[in-house]
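In what follows, a structure is listed as structure tokens, so that the remarks can point back to it.
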Amino acid sequence: MATKKYRRLNFLFSFLILATLPFSNSPVTSAKSIRTAEGQAIQTGVQNQLATPAAIYTQADASALSATTQDLLGEISGAQIVAQDEKLSKFSRCLLDPGHQQAGDFIISTLKGMGLPPIVQTFQAAAARGLPSRNIIVRIPGANSRATHLITAHWDSSPTRTFPPTCNSLAPGANDNGSGASALLEMARLLGSGQGRYSFRDDLELVWFDAEEFGWLGSQYFVGQWNSDRQVNPRGQPLGAVLNLDMVGYSGGKSQGEIWAVAQNADTQALAKEGLDLAGKYLPGVKYGTYTIGDLFPAASDPNRQSDQLSFWNAHMGTAIFLTEDVADNVGGDQRWHTPLDKLYFDDGSLRLDQGLLAESTRVALLITANRAGLQPSRIFSAIEPPFEQNWAKADRPVRLNTDNGKTAGRGWLWGPQPNRTASEPYAEAPGGKRQVVYFDKARMELTRPDNGYVTNGLLVTEMTTGLLQLGDNRFEYRGPSPLQVAGDSNSQNRNQTAPSYASFSALVKAGPGPDLTSLEVQATLSKSGQVGRTETLGGLAFNRHFVPDTGHNIPDVFWNWFAQAGRVYDPQTDIYRTGPVFDWLSTVGLPLTEAYWVRTEVGEVEKDVLVQLFQRRVLTYTPSNDPQWQVEMGNVGQHYGAWRYEN
């Protein structure tokens, strides 16, 4: 941030002004939370008039907010921003320092590594003693663009509060403005081609301005070239929203830092207010305030003008607002700005900047811009056909999001974190005699008739226990039952040799129906040799709850209750997360092939008692020693089947 006037304004005078402002303009106003919509009951019908678990309620989470926007915001990492700032603040980035050139090279190299080769806009200015300066620009073209929206930050720094800077001391500039420059690098990480998940209707550009400390020279040059430079504006479009980040990482010892949106006129006030509304919906815990030039200082000399958004204001181009950590300056401001002490860490090694505030500032800037630029519903796996991903996404997109961000979704994978194998496999009834399939850890999906887009979930457990590889509705090839373990660690290379395999269950699958054992304890055990036994010690942990007459087998309560689980699910038609049934049990797991049996198997190289039941499509496991939310899980049937079919 360029040197501000009125930096030493009397504290009492500032406090009195703050106290007299109306609430709507108060700098301490925080974002509002928003209520969740009411739910609606639905019926979860299944085929063959089989019983179903208790009715489940479904409701939209967070008032039907865009799931893609939630995903994008959730992927922002404060730790990643700190890591980038640590690298950036090792360079003394005052324009006359050797570290300035090195820092620019670092940003360019980092962006190339993210799959985003930048545009470098080189300019020279007399005010910068004729030295070459570089604006660094990343373009993300929109699908049907009407305007170009910018998120900006300057990457140079200053060690002194004189103007122009003398560059006679180290200028680490961790907060001013390593914080803003590193926030943009985090956005680039998420938007780079290596991720490829997020796209927009309009064009979006991330811009690192140079020579801000010498009087906003980089942004002035950028604005002056906008209508003629076809590298940065190839479509000849107008500018839309412009969000400038400068000093967004210091919370002044507060338990939570603040984010201020600084506006100048009615249009920029509307954008700042739009940010308040959006933050209230998507980021209800964030402290977000709005400020208009002239609220605390004379408008002509308001120090909150002094950053790169001023170039856009002066040129009347775009709708630019300024995001910063403080607008009252000497009330909680960073007193180390423009000194060699503007470091990322204190001398004792503790973090001086606020990692949470860095992440929140990045989220707010990206949220406002993504809303204006028209963030499009995203796909996770562009390499597979959309029907496969839609089938995967309902249950596992919320799990993937929470897993990526170190949170818990409260349940395990229904399919798995990503596709493991795609193939075209023989199937007599498919067009041309082959169908597209996708393997996940837990199962396989098939698209037998592409014309209707209906994805099926293969009878993989039936094939592995009978040894019959299915090649058509009525065509089979005998391979022999799979020797792989049904649950626990791999039994390859003489490991986990006590665990029963699919072959261990083969005789039980062929044995046919049994009696109705509803309400009785599950006491049956099974060894690797296929020997059935009994345990009274474990029997009280599970009781048969539901009898399925179609196959003559009982489903224990631990599995039947798990079928009824509700949770966060994704609706690909509306790009919304909802609370509702996670899956339909019959189409997902199929009919039970066997009773449930207690087995001994190694899990993480520790031998445990695990209750296992084989269904046509899946294997379910219940491990009493696990934490409650992980006690019931899907077996890795997709992995096992792929190995049985392709490796044996």
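The values are calculated or read from the model by the stated rules, or taken from the named source; none is laboratory data. All figures in this text were calculated on a predicted structure; none of them were measured in a lab. For neighbour counting, all protein chains shown are included, and Cβ atoms are generated from backbone atoms with ideal geometry for every residue, glycine included. Surface areas here come from the heavy atoms of the whole protein model, side chains and all, with no ligands, DNA or RNA. Shrake-Rupley method; radii C 1.70, N 1.55, O 1.52, S 1.80 Å.
Kindly check whether there is at least one residue in the range 547-554 that is in a helix (DSSP H, G or I), modelled with pLDDT of 95 or more and open to solvent by 40 Å² or more (accessible area, probe 1.4 Å). There is no residue in the range 547-554 that is in a helix (DSSP H, G or I), modelled with pLDDT of 95 or more and open to solvent by 40 Å² or more (accessible area, probe 1.4 Å). Cβ-Cβ distances below 6 Å connect the following pairs, each with a first residue in the range 331-352 that is within 16 Å of Glu86 (Cβ to Cβ), a second residue that is among the polar types (S, T, N, Q) and surrounded by 13 or more Cβ atoms within 10 Å (Cβ to Cβ), and a separation of six or more residues or different chains: Asp342/Asn175; Leu344/Ser89.
Quick check: is even one residue across the range 176-186 surrounded by fewer than 22 Cβ atoms within 10 Å (Cβ to Cβ) and either not in a loop (DSSP other than H, G, I, E, B) or not aromatic (Phe, Trp, Tyr) (or both)?
No: the range 176-186 contains no residue that is surrounded by fewer than 22 Cβ atoms within 10 Å (Cβ to Cβ) and either not in a loop (DSSP other than H, G, I, E, B) or not aromatic (Phe, Trp, Tyr) (or both).
When restricted to residues that are in contact (Cβ under 8 Å) with a residue 40 or more places away in the chain and under 11 Å from Leu95 (Cα atoms), the range 132-158 contains 6.
Gly512 falls short on exactly one of the conditions (1) assigned to a loop (DSSP other than H, G, I, E, B); (2) in contact with an Asp or Glu (Cβ under 9 Å, 6 or more places away or on another chain); (3) modelled with pLDDT under 95; (4) open to solvent by less than 60 Å² (accessible area, probe 1.4 Å), and that condition is (2).
Matching residues to (1) over 23 Å from Ala564 (Cα atoms); (2) surrounded by 17 or more Cβ atoms within 10 Å (Cβ to Cβ); (3) not charged (D, E, K, R):
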| position | (1), (2), (3) |
| --- | --- |
| Ala395 | no, yes, yes |
| Pro398 | no, yes, yes |
| Asn402 | no, no, yes |
| Ala409 | no, yes, yes |
| Trp413 | no, yes, yes |
| Gly416 | no, yes, yes |
| Thr422 | yes, no, yes |
| Pro426 | yes, no, yes |
| Lys434 | yes, no, no |
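Within the set Thr408, Thr403, the sole residue that is within 14 Å of the chain's Cα centre (by Cα), among the polar types (S, T, N, Q), at pLDDT below 90 and assigned to a helix (DSSP H, G or I) turns out to be Thr403. Of the strands (runs of 3 or more DSSP E) that lie entirely inside the range 52-171, not one contains 3 or more residues that are over 27 Å from Arg197 (Cα atoms) and touching a Leu at 6+ places or on another chain (Cβ under 9 Å). Of the residues making up the range 436-456, those that are open to solvent by less than 30 Å² (accessible area, probe 1.4 Å), within 22 Å of Pro592 (Cβ to Cβ) and not charged (D, E, K, R) are Phe440, Ala443, Met445.
For (1) closer than 26 Å to Leu65 by Cα; (2) open to solvent by 30 Å² or more (accessible area, probe 1.4 Å); (3) outside any loop (DSSP other than H, G, I, E, B), each residue gets a yes or a no:
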site: Arg230; (1), (2), (3): no, yes, no
site: Arg235; (1), (2), (3): no, yes, no
site: Lys254; (1), (2), (3): no, yes, no
site: Glu274; (1), (2), (3): yes, yes, yes
site: Trp313; (1), (2), (3): no, no, yes
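Could you say whether any residue in the range 161-184 is of a type in the set (A, V, I, L, M), closer than 23 Å to Ile259 by Cβ, touching a His at 6+ places or on another chain (Cβ under 6 Å) and in contact (Cβ under 8 Å) with a residue 24 or more places away in the chain?
no
Close contacts from the range 523-538, counting a first residue that is within 23 Å of Leu484 (Cα to Cα) and in a loop (DSSP other than H, G, I, E, B) and a second that is of a type in the set (Gly, Ala, Ser) and open to solvent by 40 Å² or more (accessible area, probe 1.4 Å), with Cβ to Cβ under 7 Å and a gap of 6+ residues or different chains, come to Gly530/Ala507. Just one of (1) buried (at least 18 other Cβ atoms within 10 Å of the Cβ); (2) closer than 30 Å to Ser378 by Cα; (3) without any contact (Cβ under 8 Å) to a residue 40 or more places away in the chain fails for Ile576. It is (3). For the range 193-203, the criterion of being more than 16 Å from the chain's Cα centre (by Cα), more than 30 Å from Ala128 (Cα to Cα) and open to solvent by 20 Å² or more (accessible area, probe 1.4 Å) is met by at least one residue.
Scanning the range 476-490 for residues that are without any contact (Cβ under 8 Å) to a residue 12 or more places away in the chain and either over 39 Å from the mean Cα position of the chain (by Cα) or buried (at least 20 other Cβ atoms within 10 Å of the Cβ) (or both) yields a total of 3.
For the range 457-475, the candidate set comprises residues that are at pLDDT 95 or above and in a strand (DSSP E or B); within that set, the residue that is most open to solvent (accessible area, probe 1.4 Å) is Arg475. The residue that is nearest to Gln376 (Cα to Cα), counting only those in the range 111-138 that are surrounded by fewer than 18 Cβ atoms within 10 Å (Cβ to Cβ) and of a type in the set (Lys, Arg), is Lys112. Only residues that are within 25 Å of the chain's Cα centre (by Cα) and in a strand (DSSP E or B) were counted in the range 276-302, giving 1. For beta carbons closer than 8 Å, sequence separation of 6+ or different chains, a first residue in the range 604-631 that is on the phi > 0 side of the Ramachandran plot and a second that is part of a loop (DSSP other than H, G, I, E, B) and open to solvent by 10 Å² or more (accessible area, probe 1.4 Å), the qualifying pairs are Gly604/Asp489; Glu605/Asp489. Entry remark, the range 286-301: residues being in contact (Cβ under 8 Å) with a residue 40 or more places away in the chain and either out of contact with any strand residue (DSSP E or B) (no Cβ under 8 Å at 6 or more places or on another chain) or under 20 Å from Ile151 (Cβ atoms) (or both) number 9 in total. Here the range 315-329 is the region considered, the condition is being under 29 Å from the mean Cα position of the chain (by Cα) and not in a loop (DSSP other than H, G, I, E, B), and the residue that is surrounded by the most Cβ atoms within 10 Å (Cβ to Cβ) is Phe322. Candidates in the range 534-546 are the residues that are of a type in the set (Gly, Ala, Ser) and open to solvent by less than 30 Å² (accessible area, probe 1.4 Å); of these, the one that is farthest from the chain's Cα centre (by Cα) is Gly539.
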